[in-house]
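Read the figures in this text as sums done on the coordinates, not as results from a lab. Computed from a predicted model, the values in this text were never measured in an experiment. Backbone-built Cβ (ideal geometry, glycine too); neighbour counts: all protein chains shown.
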Amino acid sequence: MSSTSGGEVSIRDLSKSFSIGGRSLAVLRTLNLDIRSGECLVIVGASGSGKTTLLRILAGLEAADSGGVAIDGKPVHGVGAERAVIFQEPRLLPWLTVLGNVAFGLEVRGVPKAEAEERARFYIALVGLAEFGDAFPRQLSGGMAQRVGIARALTVQPEILLLDEPLGALDAMTKIGMQEELARIWSEENVTMVMVTHDLEEAIYLADRVLILPKEKGGAARLIDIDLPRPRERSESRFVRYREELLREFGLH
Amino acid sequence: MTLQHIEQAASLGTRDGTTSLGTDFLRLGGRAGIRFLSRYGALIAFLAIWQVSSSAGWVNTAVLPPIDMIVAALWKGLAGGTLLGDIAISLQRAGLAFAAAVLVAIPLGLFMGQVRAVETALDPILQVFRQTSALALYPVFILLLGLGEASKVFVIFWATLFPLLLNTIGGVKQVDPKLLEMARVYGARQLTVFRRVVLPGAVPSIFVGLRLSATTALLLLIASEMIGANKGIGFQVMNAQYNFQIPLMFAAIVILAGLGLIANQALVSLQRRLCRWSNAVD
């Protein structure tokens, strides 16, 4: 139950600015990047560096000022069935059960209810919530609710999974467990994953490559390959060295 | 005295060798009794004080007759059928007006909540209408529609329309935009977003409006029946007072209270069924 090929993203000369208080503020400046099919790319950067904006452009929720994005050679205009987004908040519909929420994405695409629910059950089990299918969102903890959000995204079997600080709102213990879960899901589902985070350790734990967006005008985006075997060990010396390298990039070390 | 005291006493009894079946019954009975008392104790005390002070002659019995006389008058009116006709006509007036308000306010509110331009255009006039007391407009409605059923139903409709309309608009507007965006990401079309996100999200607020409107409907019903009516519960309250049939007057008031309670309870249980997901139902 996983998508096979596809999920290649090419970003060409992408620029985006916002006007805040009458002043134009450039957040992305002629960004060029190729995201390989099936890779896990993690985007980090100081706040205001445009990492969430980049993800929202990839999702089709915002339009670029100039330049553009193509997926498997086809230019992106708006949202598309080959992409699914996991937000920082679970964004569950409180009136639907866990099963209803996970099946929601398929149902709005016209998949018959029975079939949608059958596929939903598979992914609910995959995120470890098999016994909670009938629960309502208000009965779930933050971590469980986010798992439901992840299951909902996986159920539509996207080629590209876009994650916007998905673990940002969770406590430290839950977060580590969920990082392991995401790593497992990514390796099992063979999906291209693009994730925004402000947690450098999370970036190193999950990423094939880390994209660092510059904060200052004129700065260039940087890509760092994370060449570590999986599953990764946070205390390993090479892991720690990557961490120091990233901290240096941020001028914090 | 709390629940715990009772439980302790009961379990001590078991240890002392009393039959456990007996203690269980005692405990169950005790629990139910306490739950009943904590909920209805104040009401029972109120009625008891009324009954005692009236039958003992502490208050003017002609103005506040004892409860048993009111109950007797109520029974006579219901069993004899004189009040049944009043109940029927009152229910018809309030029911028609309420149904019309539901049919107009909910679709209009859903539409206004969705389409910004419509809301902007209609909001000022809505605010003016809402702040104008329906009772003050009743003479106008009488002039326009005559002193018959039409003006009565219309004044109730007018007053019930606004709480429902404003709560429906509010319910639609307060639906979390993040949920709308989520639905959009999954490719939901506008109609699907409306049906699967906006509408269910607005339901709790619509119910607040329905319950407010039901209360308002009964209020305006009585007011309208006090002017130029010759039938109806509101008419009976006034009429019994004129004729100094005070127990009958209170019997009519009791019926009114009963109708209000039934209407509210019906809406609450409907809301419980429709909003199983939220525990915001009081």
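Based on the Kirkwood approach, the hydrodynamic radius assigned to segment A:1-157 is 17.3 Å, with every pair of different Cα atoms included. Restriction of the trypsin sites (Lys or Arg not before Pro) in segment B:209-282 to DSSP coil positions whose beta-carbon has at most 12 other beta-carbons within 10 angstrom yields B:276.
When peptides B:93-99, A:39-45, B:185-191, A:177-183 are ranked by their average number of other Cβ atoms within 10 Å per residue, the highest-first order is A:39-45, B:93-99, A:177-183, B:185-191. Once the convex hull of all Cα atoms in segment A:1-78 is built, its volume per residue stands at 107 Å³.
So if the hydrodynamic radius of segment B:72-274 is defined as the Kirkwood radius over C-alpha pairs, what does Stokes-Einstein give as its diffusion coefficient at 20 °C and 1.002 mPa s, in µm² per second? Rounded, D is 115 µm²/s.
Across A:131, A:188, A:165, mean-square fluctuation computed from a Gaussian network of chain A (C-alpha pairs under 10 Å connected) peaks at A:131.
Springs between alpha-carbon pairs under 10 angstrom, Gaussian network model over chain A: which of A:101, A:32, A:190 fluctuates most? The residue that fluctuates most here is A:32. Comparing Cα centroids, segment B:85-162 and segment B:219-282 end up 18 angstrom apart.
Along the Cα-to-Cβ line of residue B:76, 7 Å from the Cα, sits a label point; which residues in segment B:241-278 have backbone N less than 18 Å from it? It comes to B:241-255, nothing else. Calculated over the protein assembly as shown, the projected area of the Cα convex hull averaged across directions stands at 38.8 nm². Span-like helix check, chain B: qualifying full DSSP H segments, with Cα axial length of 30 Å or more and mean Kyte-Doolittle of 0.0 or more, are B:20-55, B:82-114, B:149-173, B:199-225, B:246-274. Springs join every pair of Cα atoms under 10 Å in this Gaussian network model of chain B, and among B:234, B:81, B:33 the largest mean-square fluctuation is at B:33.
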